[in-house]
Structure formats: C-alpha cells, structure tokens
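See structure below.
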Amino acid sequence: MKLNSRHVSQRWVMAVMGMMGVTMAYVMRACLGITLTQMVRPVVVVEEATRTVHHDYCPMPKSSSHGQLKSNRTGIVEDAFKNRFDWDEKTQGEILSSFYYGYILTHLPGGVLSQRFGGKHTMGFGILSTAVFTLMTPYVAYMGSRPLTILRFVEGLGEGTTFPALCTLLAQWAPPEEKGKLSTLVFAGVQIGNIFSNFLSGFIIQYIPGGWPNVFYFFGITSLVWFVFWCMFVYNDPNSHPFISDMERDYLKQSIGSLERKKDLAPTPWKSILTSWPVWALIIVEAGHDWGGFTIISDLPKYMSDVLHFSITENGLLSSFPYIAQWVTSILASILADRLISKRIMSVTAVRKSYAIIGTVGPGLGVMCASFVGCDKMIATLCFTLGMALMGFCYPSIRINSLDLSPNYAPTIMALVNGIGCLSGMATPYVAGILTPNRTVLEWRLVFWIMMIVMTASSVVYGLFGSGDLQPWDDLEQHYLKEKEKAKRGLPMDERLSIIHSKSIEDGKSIHI
C-alpha cells in the first residue's frame with residue numbers, strides 16, 4: 001500500500017476526501033428541507049376560497065394525491081395524514097433555522113482549533129457528531145417540534161468547524177497555481193450534497209419501506225463510513241504524511257513556502273483583521289450569498305411542493321437540477337479563473353470581484369423570473385436552474401478569498417466570514433415561514449424580492465471594497481522582505497518601513513529591521 005500510494009497525488013486525495021466530507025455535511029443539513037414536506041400534514045385550499053384568489057394559487061393536478069383528500073374549511077387535511085405532524089409554517093421555519101443558531105457558534109472555536117492543531121480531526125469529529133445526531137432525528141421528531149429544534153441546534157454545533165478546518169488544510173496543501181481547482185473541488189461538495197439530499201431523499205421516501213425516517217438513517221450511516229476513511233487517508237500537512245512521495249513533498253514545500261502552517265505563528269492580529277475593509281467586504285458579500293443559498297436550500301423543496309404541487313419524486317429530482325448546474329458551472333469557472341490569473345489576463349482582485357458579482361446578482365434574477373412565470377412548472381424550474389448555475393461563480397471567488405487575504409490566518413477569517421454569513425441561515429427560513437402563511441405565488445414573490453435585493457446590495461459592497469491581494473498583517477516579516485526587494489528596484493523605502501514598523505507594534509509583533 002505504501003509503494004502504491006506514492007504514485008497518488010496526496011493533495012488531490014485530500015481534496016477528494018474534503019469534497020466528500022462537505023457532501024456529507026450538506027446532505028445532513030439539507031435533507032430536512034424536502035423530508036419536512038412528508039413529515040408535516042399538508043394544507044389544501046378549499047375550492048370556495050380559490051374562486052376569490054385563483055390568481056394567487058396554482059391549480060392542483062388531478063393526479064396529485066392532494067386532489068383525493070377531503071378537507072374542512074380551515075384547509076387542514078383530516079384523515080389521510082393523521083400520523084403526520086401538525087406543524088404550521090412558522091414552526092417549520094423555526095426548526096429549519098435552529099441548525100444555524102448552533103452552526104454560527106462553533107466557527108471561531110473551529111478556526112482557533114484547526115489553526116492550532118490542524119484541520120483533520122477538527123473537521124472529522126465535527127462531521128462525526130453531526131452523523132450521530134442525524135441518526136437520532138426520527139426518534140426525536142416524534143417527541144415534538146421543540147426537541148427536534150434543540151437537536152438541530154446541536155447538529156449545527158458539530159458542523160460549524162467544517163469550513164475553518166478546510167481552509168487550514170487548503171492553506172497547507174494547495175499550491176498557488178492550483179488553489180482555484182483544488183478549492184473548487186472541495187467546495188463542490190456543497191452542490192453535490194444538495195443534489196443528493198434532494199434526489200436521494202425523494203427516492204428513499206417514495207420507494208423504500210419505512211418512509212421519511214430512512215432518509216436520516218441512510219445519510220447518518222454513510223457519514224460514519226466517510227469518517228473512517230477520512231481518518232485513514234487524510235493528514236494535516238505534507239510533512240506529517242507517511243505515504244507522500246518526496247517529489248510531491250518538495251514541490252509543495254517550494255510552491256507554498258511561507259504559507260505552510262507555523263507552530264510558532266504570532267498571536268492572531270485581531271485589530272488588523274477587524275479593521276480591514278477587504279475582510280468586511282468579504283463578510284458582507286458572503287452574508288448576501290448565504291441569504292440566497294440558504295433560501296434555496298431550505299425553501300425550494302417547499303415551494304415546489306406547496307406552490308407548484310410537485311410529487312415527492314418530482315420534487316426530489318427537479319430540486320436537484322439547480323445544484324447540478326451550479327456544480328458544473330463552478331468547475332468550469334474555476335478552470336477559467338486559474339487561466340486568467342496564471343496568464344496575467346486579469347488580476348486576482350479583478351477575477352474575485354467580477355466572479356462575485358455574477359455569482360450573487362445572477363441567482364437573484366433567476367428566482368425572480370421563476371416567481372413571475374407563476375404556475376408553469378418547467379419554465380420555473382429552468383429559471384431556478386439558470387439562476388443557481390450562476391452562483392457557481394462564487395466558489396473560485398468569495399469561497400477562497402480568505403486564502404488570498406491571509407493564508408496564515410485563513411481559518412480565523414473563514415470562521416468570521418462563514419459564521420456571520422450564517423446569520424442569513426438563521427433568518428431566511430423564519431422569514432419565509434412568516435411571509436408565506438397561505439403558500440401563494442404572490443407571498444413567495446416577496447420572499448424572492450428580498451433575496452434579490454440583499455444579494456445585489458452585498459455584491460456592490462464587495463465590488464467597491466473587496467480585494468484579492470495578500471494583506472501586510474498576514475506575515476509582517478515576509479512582507480518586509482518583499483518590500484525590501486522592491487526597494488532594490490528603486491522604489492522609496494522610508495515610508496514603507498515606518499508603516500510596517502507601526503503595524504508590528506500595533507499587532508504586538510517584533511520585526512527586526
């Protein structure tokens with residue numbers, strides 16, 4: 001095994017296993033969105049009501065199971081779904097959003113732990129805990145909505161370490177010229193996870209005896225299997241890897257150089273990070289991106305079920321189409337981004353900004369088009385798919401921008417960016433639940449208007465203040481050496497030295513000049 005493994009690129013092994021880990025994280029996060037449509041008693045609008053608001057509602061297909069149900073004047077199905085939970089839209093929104101309350105709390109601790117001890121176990125044990133709680137979900141759901149809300153909160157605590165840990169691993173394994181491809185491969189797990197959570201959930205519910213509980217059992221057990229392989233094949237850095245070839249280790253050492261994790265790294269320069277305009281621009285655009293992403297993850301299956309009246313199998317299949325398109329786009333966009341940067345056609349900053357604008361404005365326009373085509377199922381699905389395909393441009397952009405700004409402190413920045421961005425995940429399901437009590441097209445259109453405005457505004461901020469340049473406070477010693485080299489080419493040095501010296505005093509670092 002040792003000899004054969006030396007012929008395998010271990011940085012790509014890390015990337016593939018990381019991608020599968022993100023996939024596991026997202027299937028366990030997102031599967032509740034579509035499963036909830038089968039856990040909760042459906043609402044059927046009575047025929048008398050539809051006569052007055054027929055322009056708000058899509059007609060119920062005759063072949064739909066809903067069409068065979070008897071309903072009273074409140075619209076609540078009586079007998080056919082008596083074993084389902086009687087949770088209203090607000091309660092469902094609280095359950096879906098509770099995950100993100102826990103998720104946001106462990107980002108900074110996850111960044112500190114991975115920065116100190118490496119990303120392997122920080123991520124691995126986080127996914128392991130989420131898998132255990134996912135297996136418990138059916139039992140807890142029958143205890144009531146409040147226990148399920150608490151369980152989802154605890155699941156979020158486990159997953160909060162995922163992205164900070166991955167940033168640590170990428171900073172140590174991804175050479176600059178491969179950063180876009182490796183990072184996009186890892187983060188492609190987001191789309192793959194959403195594809196599997198929708199498609200496989202619908203298939204399992206429809207065809208596997210036992211119904212919706214099997215969804216949580218299947219994904220929980222699969223994640224446990226992934227954890228075993230993660231512990232076997234992934235290591236914190238090239239130096240600690242027992243099977244890596246000498247050629248690959250030397251290549252990574254030469255190409256990454258000072259970006260390698262340092263055990264004597266100076267204390268985190270919190271003041272510089274928290275007063276950095278590029279960092280805050282990244283936080284804001286990530287929050288806008290997450291508002292759209294979490295709206296789609298949590299609420300697209302509900303929209304397709306409640307408004308467009310897709311069956312569970314149709315819902316599972318068609319809800320996965322936007323993520324398939326997003327996955328393909330992210331891979332193609334990353335290849336193009338690396339080529340534009342390596343051939344010096346565009347600067348890193350220009351690529352990151354232009355991609356971010358496409359990846360945030362495009363999805364907002366897509367969902368708005370879907371809401372205006374009303375009840376045309378195929379065109380609505382096409383609009384969702386095209387819009388989400390453009391979101392793929394965010395992965396070789398804002399998803400890896402923390403590595404551009406500060407490879408040494410990327411886990412901490414990622415923790416801030418992803419953690420604050422998760423405020424959107426806390427808000428969007430709850431907002432959608434409040435704004436869509438009757439589940440009409442017009443109510444959902446307001447949800448999508450808010451999504452478009454938030455995403456567009458955040459992209460404007462990033463376009464003005466974002467950056468793809470390495471920040472001086474990442475490593476002041478290395479920054480000084482680079483400035484010294486520039487000085488040899490005739491550039492003024494005195495002012496630059498004074499800035500570096502004052503910055504070092506501000507951050508508590510000592511630079512010997």
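Output ³J(HN,Hα) for the stretch 290-307: one whole-Hz value per residue in order, computed from phi by the Karplus curve 6.51 cos²θ - 1.76 cosθ + 1.60 with θ = phi - 60°, and x for Gly and Pro.
Calculated HN-Hα couplings, in order: 5, 4, x, x, 6, 4, 5, 4, 7, 10, 4, x, 5, 4, 5, 7, 7, 9 Hz.
Distance in nm between label sites at residue 460 and residue 143, each 7 Å beyond Cα in the beta-carbon direction?
Each label point lies 7 Å from its Cα, and together they span 4.7 nm.
Please give the contour-minus-distance gain from residue 335 to residue 132: 0.36 nm per residue of separation, less the Cα-Cα distance, rounded to one decimal in nm.
Separation in residues times 0.36 nm, less the Cα-Cα distance, equals 69.4 nm.
If you count, for each residue, the other Cβ atoms within 10 Å and average over each peptide, how do 452-460, 24-32 line up from highest to lowest?
Highest mean packing first, the order is 24-32, 452-460.
Distance check, please: which entries in 120/253; 90/353; 120/353; 353/377 exceed 27 angstrom between their Cα atoms?
Where the Cα-Cα span goes over 27 Å, the pairs concerned are 90/353; 120/353; 353/377.
In whole angstrom, note down how far apart the Cα centers of the stretch 296-359 and the stretch 152-222 are.
Using only Cα atoms to place each centre, the spacing works out to 16 Å.
If R0 is 22 Å, what FRET efficiency do you get for residue 423 and residue 112 from their C-beta distance, rounded to 0.05?
0.65
For residue 85, list long-range residues whose amide hydrogen, built 1.01 Å from N in the peptide plane, is under 5 Å from its own amide hydrogen.
Close amide H contacts, sequence-distant or interchain: 40, 41.
If contacts are Cα pairs under 8 angstrom and at least 6 residues apart, what is the relative contact order of the stretch 167-300 in percent?
So the answer I get is 33 percent.
To the nearest 0.05, how large is the calculated FRET efficiency for residue 317 and residue 253 if R₀ is 51 Å and r is the Cβ-Cβ distance?
Efficiency, from the Cβ-Cβ distance: 0.65.
How much length is gained on full extension from residue 373 to residue 228, taking 0.36 nm per residue of separation minus their Cα-Cα distance?
47.5 nm
State, to one decimal in nm, how far the label point of residue 206 lies from the label point of residue 343, with both points 7 Å from Cα in the Cβ direction.
Between residue 206 and residue 343, the label points sit 4.4 nm apart.
Each reported figure results from applying straightforward, stated rules to the coordinates on display, with no laboratory input. Worth saying up front: this structure is predicted, and the values here are computed from it rather than measured. Here Cβ is always computed from backbone atoms with ideal geometry, including for glycine, and neighbour counts include all displayed protein chains.
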